[in-house]
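Working notes, structure below.
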Amino acid sequence: MFLSHVKTALAACAMAALAPTGAEAQVGRFMGGGTISNFTYACVNAGWDRNSEAYMVRFQPANIGSNANRDLLTFLGSAHSFSMQRDGGFTTWWSAVDHAFLGSGIGYSDATWDDHADVRIMSMWPSDPDANTMVPVRIRGQIRHFGHVPWCRVDFDVIVQQR
């Protein structure tokens, strides 16, 4: 079962890398960039340094266009890639998420597992993007148990735009 989840996570990260362009763009696919920063001591003890890291980012909000009833946030970088998804959408409270991580190893945790990751959105503007949102969307939040490291918490800051 674990291998099935890893294959699904790898496929999700690979598909996110294939960003639609121009006439191929799909409603509900927001692309842009972002950073993770403010690594806690648990992260540093697991090998992260204290420097911010930059990523290409895709955000797929729940129920826009052909998106399923879940929010999906994918970060693609040169050394690490990771994604988080939550059925029904992310919230301002710490919420369990499905979390895939590719880096020095491959990891996956389902939101129902004891060792799941958590995400909370600190701010989003516009606060409720939809199929007609054409302005940049800025999302700030935190990830807890990031990269499958207990109590590793990072901040993220993302700006994405629908084409």
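Is it the case that Arg153 is basic (Lys, Arg) and either farther than 20 Å from Tyr41 by Cβ or open to solvent by less than 50 Å² (accessible area, probe 1.4 Å) (or both)? It is false that Arg153 is basic (Lys, Arg) and either farther than 20 Å from Tyr41 by Cβ or open to solvent by less than 50 Å² (accessible area, probe 1.4 Å) (or both).
Under the condition of being out of contact with any Leu (no Cβ under 9 Å at 6 or more places or on another chain), open to solvent by less than 10 Å² (accessible area, probe 1.4 Å) and aliphatic (A, V, I, L, M), the residues counted in region 98-120 number 1.
Please go through region 44-61 and pick out each residue that is assigned to a loop (DSSP other than H, G, I, E, B) and either in contact (Cβ under 8 Å) with a residue 40 or more places away in the chain or open to solvent by less than 20 Å² (accessible area, probe 1.4 Å) (or both). Outline the logic, then answer.
Within region 44-61, the subset assigned to a loop (DSSP other than H, G, I, E, B) is 46-52, 61.
Ala46, Gly47, Trp48, Pro61 - these are the residues of region 44-61 that are assigned to a loop (DSSP other than H, G, I, E, B) and either in contact (Cβ under 8 Å) with a residue 40 or more places away in the chain or open to solvent by less than 20 Å² (accessible area, probe 1.4 Å) (or both).
Within region 16-43, the residues that satisfy the criterion of being modelled with pLDDT under 50, in a helix (DSSP H, G or I) and in contact with a strand residue (DSSP E or B) (Cβ under 9 Å, 6 or more places away or on another chain) are Ala16, Ala17.
The values are calculated or read from the model by the stated rules, or taken from the named source; none is laboratory data. Please read these numbers as outputs of a predicted model, since none were measured by experiment. For neighbour counting, all protein chains shown are included, and Cβ atoms are generated from backbone atoms with ideal geometry for every residue, glycine included. Just so you know, the surface numbers come from the protein's heavy atoms only, side chains and all, with ligands and any DNA or RNA stripped out. Shrake-Rupley method; radii C 1.70, N 1.55, O 1.52, S 1.80 Å.
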